[in-house]
Amino acid sequence: MLQEAKRRGARIVTGVAMFVGQGALSFEKWTGVKPDETIGKKLIEGLLEE
């Protein structure tokens, strides 16, 4: 559905940023280490392209 909307020129909001942000916050709460969300976002977007 997102691909068709993009093809028709719609602005796409995938939720990747929210997904990565929630995971990063959880990781930080458990480990005390703040992860680089940019890397996480690139990783997830790469996996979604496959």
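Ranked from largest to smallest solvent-accessible area, with a 1.4 Å probe on the protein heavy atoms, GLU28, GLU49 come out as GLU49, GLU28. Of the listed values (1) 63; (2) 59; (3) 51, identify the label whose number matches percent of Cα pairs over 13 Å apart calculated from this model. Checking each listed value against the structure points to (1).
Give me the number: length gained by fully extending VAL13 to GLU49, i.e. 0.36 nm times residue separation minus the C-alpha to C-alpha distance, one decimal in nm.
Working: separation 36, 0.36 × 36 = 12.96 nm, distance 1.48 nm.
Stretched fully, the VAL13-GLU49 segment lengthens by 11.5 nm.
What dipole magnitude, in Debye to the nearest 20, does the chain give about its Cα centre under +1 on Lys/Arg Cβ and -1 on Asp/Glu Cβ? Dipole magnitude for the chain comes out near 240 debye. Entry comment: accessible area of the chain is 93 Å² per residue, from protein heavy atoms only and a probe of 1.4 Å.
Roughly speaking, to the nearest percent, how much of the chain's 1.4 Å accessible area is carbon and sulfur? Looking at the chain in its full context, I get 60 percent from C and S.
Which order do you get for MET1, MET18 if you rank them by accessible area with a 1.4 Å probe, largest at the top? Can you show the working numbers first?
On the way: MET1 195, MET18 130 Å².
So, going from the largest accessible area down, we get MET1, MET18.
The values are calculated or read from the model by the stated rules, or taken from the named source; none is laboratory data. Given the structure is predicted, the values throughout are model-derived calculations rather than measurements. Don't worry about glycine lacking a Cβ; one is built from the backbone with ideal geometry, like all the others, and counts go over all protein chains shown. All accessible areas refer to the heavy atoms of the entire protein, side chains included, with ligands and DNA or RNA removed. Shrake-Rupley method; radii C 1.70, N 1.55, O 1.52, S 1.80 Å.
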